[in-house]
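Heads up, the thing below is written out as C-alpha cells.
The values are calculated or read from the model by the stated rules, or taken from the named source; none is laboratory data. Quick caveat, the model's predicted, so the values are computed rather than measured. Note that each Cβ is placed from the backbone with ideal geometry, even for glycine, and that neighbours are counted across all protein chains shown.
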Amino acid sequence: MGIMPGKKTAIEWSEEFSVGISKFDDQHKQIIKMINDLYDSLTDKGEDSRERMAEIAARLCDYTYTHFLAEEVEMYRHHYPQYESHKDNHDKLTSMARDFMVRIQSSDAGLKKICIELIATLSAWLKVHIKETDKRYTEFLKGKVGE
Ligand SMILES: [Fe+2]
C-alpha cells in the first residue's frame with residue numbers, strides 16, 4: 001500500500017467503509033476528497049502552488065478534527081460505552097496532524113515530501129480507524145444520530 005505514482009487518487013471511498021450513519025459516511029467521504037485534493041496539488045505548478053498545498057493540508061487537518069468532534073459529541077451524549085477509547089484513538093491522530101501542521105508551516109524546503117507523508121499516514125490510519133473503530137459504534141448509534 002502507499003502512494004502509487006500515476007494513480008489518480010490516493011484513497012477511494014467504497015461501501016466497505018460505510019458505518020451505516022449517513023452523516024458520518026458523508027464526513028468520511030469529505031475527508032477522503034480532501035486527501036485527494038492534497039494529492040492533486042502535489043503536481044501543481046506555478047508561483048502559488050506551495051501556498052495552495054499548505055492551505056489544502058491545513059483545511060484537511062481542520063476538517064478531520066471537526067469530524068472527530070462531531071463523532072465524539074454524538075458518542076458522548078448517547079453514553080456510548082467505548083467513548084473514552086474511541087476519543088483516545090482520535091486524540092492520537094489529532095496530535096500527529098498537529099505535528100504535521102507545525103512541520104508544514106515551518107519548512108519551505110521539503111513541503112511536498114511532508115505532504116506525501118501526511119497523505120500516506122492519514123490514508124492508512126483512516127482505513128483502519130473506520131473499519132475497526134468507527135464501525136463499532138454503528139449498532140449503538142444507528143437511529144440516534146440525526147442525518
Ligand atoms: Fe472515529
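Search the range 88-106 for residues being touching a helix residue (DSSP H, G or I) at 6+ places or on another chain (Cβ under 8 Å) and of a type in the set (S, T, N, Q), and hand back the single one that is farthest from the ligand (Cβ to nearest atom).
My answer is 105.
Can you name every residue in the range 36-69 that is small (Gly, Ala, Ser) and over 12 Å from the mean Cα position of the chain (by Cα)?
41, 46, 49, 54
Looking at the range 107-143, which of the residues that are modelled with pLDDT under 95 and either surrounded by 13 or more Cβ atoms within 10 Å (Cβ to Cβ) or on the phi > 0 side of the Ramachandran plot (or both) is nearest to the ligand (Cβ to nearest atom)?
Applying the filter and picking the extreme gives 143.
Taking the condition in a helix (DSSP H, G or I) and in contact with a Phe, Trp or Tyr (Cβ under 8 Å, 6 or more places away or on another chain), does residue 93 pass?
yes
Condition first: without any contact (Cβ under 8 Å) to a residue 12 or more places away in the chain and within 20 Å of residue 121 (Cβ to Cβ). Now tell me which residues in the range 24-50 satisfy that.
Selection gives 33, 40, 43.
Which of the residues belonging to the range 88-102 are surrounded by 17 or more Cβ atoms within 10 Å (Cβ to Cβ) and not hydrophobic (A, V, I, L, M, F, W, C)?
Of the range 88-102, the ones surrounded by 17 or more Cβ atoms within 10 Å (Cβ to Cβ) are 89-90, 93, 97, 100-101.
Within the range 88-102, 89, 90 qualify.
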